[in-house]
Structure formats: structure tokens, C-alpha cells
1. Looking only at residues in the range A:403-433 that are out of contact with any His (no Cβ under 9 Å at 6 or more places or on another chain) and not in a helix (DSSP H, G or I), which one is farthest from A:Arg260 (Cα to Cα)?
2. Of the residues that make up the range A:390-397, is at least one surrounded by fewer than 23 Cβ atoms within 10 Å (Cβ to Cβ), in contact (Cβ under 8 Å) with a residue 24 or more places away in the chain and outside any helix (DSSP H, G or I)?
3. Every residue in the range B:257-272 that is within 11 Å of chain A (Cβ to nearest Cβ) and either closer than 13 Å to B:Gln56 by Cβ or of a type in the set (Gly, Ala, Ser) (or both), please.
4. Looking for whichever is on the phi < 0 side of the Ramachandran plot, of a type in the set (Lys, Arg) and without any contact (Cβ under 8 Å) to a residue 24 or more places away in the chain here; the options are A:Lys195, A:Lys160. Which one fits?
5. Do we find that A:Ser130 is surrounded by fewer than 21 Cβ atoms within 10 Å (Cβ to Cβ), among the small types (Gly, Ala, Ser) and out of contact with any His (no Cβ under 8 Å at 6 or more places or on another chain) in this structure?
6. Among the numbered conditions (1) away from chain A (no Cβ under 14 Å); (2) at pLDDT below 95, tell me where B:Thr106 comes up short.
7. Among the residues of the range B:66-79, are any touching a residue at least 24 places away in the same chain (Cβ under 8 Å), within 14 Å of another protein chain (Cβ to nearest Cβ) and within 30 Å of B:Val166 (Cα to Cα)?
8. Looking at the structure I just gave you, is A:Ala346 under 25 Å from A:Asn155 (Cβ atoms) and surrounded by fewer than 23 Cβ atoms within 10 Å (Cβ to Cβ)?
Amino acid sequence: MSSSDDPARREGRYDRRELIRKAGAGAVSVGVAGSGLGQAFYGPLRFKGRWLKGDLSLITWVHFVPAFDTWFDKTWAVQWGQKNDVDVKIDHILNTLLTARSTAEVAAKSGHDIFFNLSPQAQFEDDVISHNEIVQEVQRKVGKIGRIAHKATYNPKTKKYFAFSDNYVPDPVIWRHDIWNAIGLSPNNWDNVRKAAPKLKAAGHPIGIGQSANDVDSNMALMSFLMCFGSFIQDQKHRVTIKSKRTVEALKFMADIYQRGETDEIFGWDPSGNNNFIYSGKGSMIFNAISATRTPEDRGLPFANDLWIWPIPKGPHGRMAYEHVMGCWWIWKFAKNKAAAKKFLADLEINYRDAFMASKFYNFPSFPGAMSFSRIRKAVASDKHRPLGKYGILTTIAQKYTTNPGHPGYANAAFGEMFNKSIIPKMFAEVSQKKMTPQEAVNAADRELKQIYAKWRKLKKI
Amino acid sequence: MLATQKLDSITGRGTDVEAFGRALREKGLSYLIVGPFAILLAFPFYVMVITAFKDQTEFYNPDITPYWFGKDSPTWHNASFLFHNTDYPKWLANTAIVGLCVVGITLVLALPAGYALARLAGRVGQGLGVGIFLTYLVPPTLLFIPFFWVINQVHLQNSIWSLVLVYPSFTVPFSTWLLMGFFKTIPQELEDAALVDGASRVKTLTRIIFPISIPGILTVVIFSFSLVVNEFVYAFTFISPSEHKMLSPGVYTDLIRGDLPEWGTIMVAALIPSIPLALLYNTFLDRFIAGFTGGAFR
């Protein structure tokens, strides 16, 4: 992939790599990693007997928890590389740039061996290998893949795992307990939120549910909101089902919350917008992963202990949310070291306990057996931030109130394109800003979605 | 005598007052119009400086942000973090190396090209010059994918030399077009006189034309360097490893963690290269304006 990996083209930087390369194959010890026991497992089982020397390059995001990147780059990858005689080179870029970068690599048919993104990228299915082998290997070690990861990365039409998910992130609501307490309400259900919205705004603490086309948080929050009202983008057979009375009702509901309880800034947010909103002390409620509580804790902001974590409020159809983000890796067809890439991902997931702890409970393993929910509960219970035990709700959210993108169907290329084009936030914004009536906005979104789905159906991807 | 002297002195003072009043009338209006714009444009730099030296716990305090410091500021922590915990010094070095190389290549290519098109190519030269300039207008967002393919073919990915190869694709067209207009302002008679005196074309260029063209050349140097420093799409696409990054993508990709921008560090990172660029523009402002407008009157 990269010129810097080829000795003929390197600029003399990598003496260590040449040493490792020349060290010879070496025996690879067979280890048994008990599922969930957290033992290190670096030796191959399925890959026994294969030569695994050379280089491995991968690109991933800059994790909001610096300690995770430090663990991943300097502990995990280094130790794995030494055990497997592979020099692992990891690049990090901002998550919002991952899609552009992956597009460039596909177009050039050259780039990193393994690519990462925070959502399944089904549109690359034809450019990546089948990851079924990796999933099977991990399942042999730690048990079945979780429902969320399975439905997010598997194409039932082609029977191919087009990505390998190592983690997902539950998506709670983060709210200021002190501010809500002052008005005598809590965001237990959406009716309460609507009731509280004008009171909170009058108190100088508006709600912050984004409706921005430039923001993954807005996308996830609003699609989850739709599900609470019984409205879904697609059904189990991957037919577009957005056009319904429930969608219209949801649009009216959110428009009312905006008009009486939010401010215009929500239309222009990027992924850090709602975070800054809550960090400023102004916001009273946002949808976000726990980065929105960890940062105030780390920065010692005065209201850090007043930030509570709850599941998404309950709507007429119940409580359901997508995961906030999902870590998805894939191996390009043009990858130079596919064997090492497969083993790297398999080993990473099998030993996911360390990753979970390094991420400060941000990354939940996509294979529940890698770290069981009971062990997760124990781990989060040890967190000392106040209110004590507040992170315990994450397990409940993950188990009961989190589903995959594309629910009740599978994530697919059409759903991915819908997501990348921010069709749902645009639909909500048009109604909230009174540019369209709810029915008009639903009709427009329905037309656009049907075109997208027709295209991918024609390509036989759904 | 005394009365005359008195009258002179009174007249002198009156003259001074008149002159002052005239100056105030002439310039006061200009300052009145330009002043608010200057304050508006300078305000982001003011915020940048304040934020660069502000403690990170104070970013979210609306009572002091963005106008002033809190009780824990000013602080060197952000600058210290930038230089000790990131690859920022390497980004600066990479940017300087690429900038100097690209400026050199641009001058080597654009100077003779601009002269040739201005002097030797006649009406065809005019059209060709416009055509060359139009290539500058093609946005990098259209070209970064094919360029990425080319960079991979020549095995320069993840190397700063990929940018040295690609950046002249937009600095040379613009500089050629700029210099073409500038060379046209130089009287043909100067060259004719030199040629009549026995100087070769090259000697005429180096001894007469180029020294006169210093403002244009300086404009090309400053403008090309600015383009290199500010360019993002190619620098981001061609280079992944942090230690090889350029300033623009490095600051954006490495100093924003997920949904958490490190504001103080970002502002320090932006402030440092701004200062020499601002000094450069300020020092050569007259020549810069002359270079840009030199071709406007032909």
C-alpha cells in the first residue's frame, strides 16, 4: 500500500522494521483465550501454520479518549505485532474526514490494508473482502456476534459481512439534573420533554436536539426519535416506510419542541456542536455518547456532577434508539496483507476487555461474549464520578434500548446513502423552520429515499 | 518687526491649523469608513490570541469567553501541549520545506512562461495565458481523486514530495497569468535598447527585466507560499501518517478528538504561522499591491 512500507522506496526511516522483517517466521504459540476471561491471546489458532510476516497498515479515527489511542497504538498494536512478526502502522484522522479518505483510496485502488469508520459503509461491499471468516473465528472463541453488529454489517442478500464491527456506542440522553429539577420534571418521556421545553428555555437553558445536515448526532437522534413514535425508514424487507401518519406526528412534535424550547443554532451544528452547548452550561439536554459527560469531568466543569445519563425518552411506540456510533473495520480487496489484517481484527475483538476499559466505557464490544454485560456492570460500578453508578445505565441502554441502523431490517447501502445525505435532519429542519408542512416534508423525503433504494436494488445490493 | 513676526507666527499657526483641518477632512472620512472594517477583521485574531493563552476550563464560561481571560489564565499550557504532545514542530517543518520548494519551482516555471506569453506569443499568447489561468479555477475537490491515483502510481503516497509535485499545478497557472500582466507594464523600449546594445535575450531578462519585476516576483512568492500553507484537500488526501502531515490537515485532524476540539491548542497552532505571514504581507505590502495591479492598466 504505502510507498513507505517498501524498502526500495523508503527514505531510510525504518531500521526497526527491517530487523523485524529479517527476524524470521518464528513459532507462534497456541494460546487459549477463554471467552470473557480477559487473557491475552496473540497466537493464531485458525491461522496456525500460515506465515504472517510483513507490514500492516490501518487508519482509524482520533478517539475522543486520548488514553484509548495511546493503548491501541503503543500497547495493543505493538504487542500484537511483536507476537505475530508484523509491523503495524496506525494512522489517525478526524472522523468527519474518514469517508472522503476512503473514497479516495477506493478510487485509487491503493491505501491502507484496514480502514475504519464510525458507521457501516455498505456502499463499499464490492471493494472489500468477505469478513465472514473473521466473524466465524471470533464466534468460535467468544460466542455469537451481537444482534446489533450482525444486522449492521451483514448483507442477507449476498450473505457477506461487508465489515467487521468491534464495538458500538450506546446513545443516551445527557441532561442537567439540577436544571430539570428546578422545574419539577425529568426527560422520562417525550411528553415531559415537550412540557419542559418552554420552561427550560425561559430559564435560559434550552434543549439541544440538533437538526443539522452536517452532524452525525442530529442524524442518530432524529432517527431514534422517529422510532419512539413508531416511524421507521425501512421495514424488514428493506422497503421505504417513512411515509406514514406516525412520521407526520413525530415531525409536528419535534417542531413544537424546537419552536418553544430550542434555539436556531441547532440547525448549524457539527458533531461538536451539542457537546459545546452542554459544556457552556447553557444546554439542559442533548443526545450524545458519554464523551459529553467525560469531558466535563476531565475539565472540572462546575456542573459535571449534575449531568445525568438516561435512556432515550419514551414515546408512544416505546423507547428505542440507534447506537450513537459503531466501530466498523473493513479490509480492502487491494490490501497487501490480508492474512495479518484478518488476524489483527479477530484478536482485537477476542481481547476486547482491555479496549473497553481503555475507552472509559465508550466502546461496547460487538460480540457480547468478549466482555459480558455482567462484567461491564461490575466495571462501570467502580467509576467514582457522581452521581455514583451513573454509568451503570449504559448497560441497560445497550441491552434493551439500542438497535442497529436499518432497524427493523439490516443496514445496507441505501440506508447508508440516506444517512450520508442527512435526509432525516433536513426533513425535520424544513418543518421546524416552517419551510414545509409536515406532510410535504415527508413526501419529499419519501421520494428521495425511494430513488436511493431503487438504485441499490437495481445493483442487487438489497 | 515684532508685529510682523507676531503676524507670521500667527499666520504660521493658522496655517498649521488649516493644514490639520484639511488632513482631518481628507483622512478622517477614510478612517471612519475603514476603521470599523479593520476592527471587524482584526477581531478574530484578537479572539485567537486570547483563546490561545486561556486555560481550557474557561472556554465554556460565557462571562469571559471570548473577550478576556479568567482567573487561571493566561497560561502557557496550550503551547506546551502543542509542542510536547503533538507533531506540530514536524508539521511546521514539512510546510516550510514544501513551501520553499513549491515557490522555487513556481518561479522557475512561471517567470519564463509569463515573459514568453507577454512578449513573444502575440495574440495567441493572450488566449493561451487566459487558458492557463482557467486551469487554476478547477477546484481541488474535483482533482484530488485522480491526483491520488497518480501519486500512488509514482509511489509518493504519504510523502511530502507528493505535494511538491502537485502544488505547482495551481501555483504556476496563477503566477504565470499574474506575471504575464506584470511584464506587459514594462516598456518594450527597455528591452529593445538592451538588445540593440548587444545583450542576449537571457541577459536582458536577468539584468533588466527581472530586477524591474521585483514587485511581481515578490507577489508570486508570497501568494504561492500562502497557497501552500492554506491548502488542505491534497495535503489531507496524500498523507496519512501524523509525522508527515502539513500544518492545515495536521491541526484539523490531530487536534480535534472525536467531538472535542482542543480549542486552546488549535488557536496556538493557528497563531504561530499567522505571525510571519502577517509580517511578510505588511513588510512588502506596497510591492504586493504593485504586483497585483501592475497588469491591470494594460
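1. Here the answer is A:Ala411.
2. no
3. B:Arg257, B:Gly258, B:Leu260, B:Pro261, B:Glu262, B:Trp263 - these are the residues of the range B:257-272 that are within 11 Å of chain A (Cβ to nearest Cβ) and either closer than 13 Å to B:Gln56 by Cβ or of a type in the set (Gly, Ala, Ser) (or both).
4. The unique qualifying residue is A:Lys195.
5. yes
6. Unmet for B:Thr106, out of (1) away from chain A (no Cβ under 14 Å); (2) at pLDDT below 95: (2).
7. The answer is no; no qualifying residue exists.
8. Spelling it out, it is not the case that A:Ala346 is under 25 Å from A:Asn155 (Cβ atoms) and surrounded by fewer than 23 Cβ atoms within 10 Å (Cβ to Cβ).
The values are calculated or read from the model by the stated rules, or taken from the named source; none is laboratory data. This one's a predicted model, so the numbers in the text were calculated from it and none came from an experiment. Counting neighbours? That spans all protein chains shown, and the Cβs are built from the backbone with ideal geometry, glycine included.
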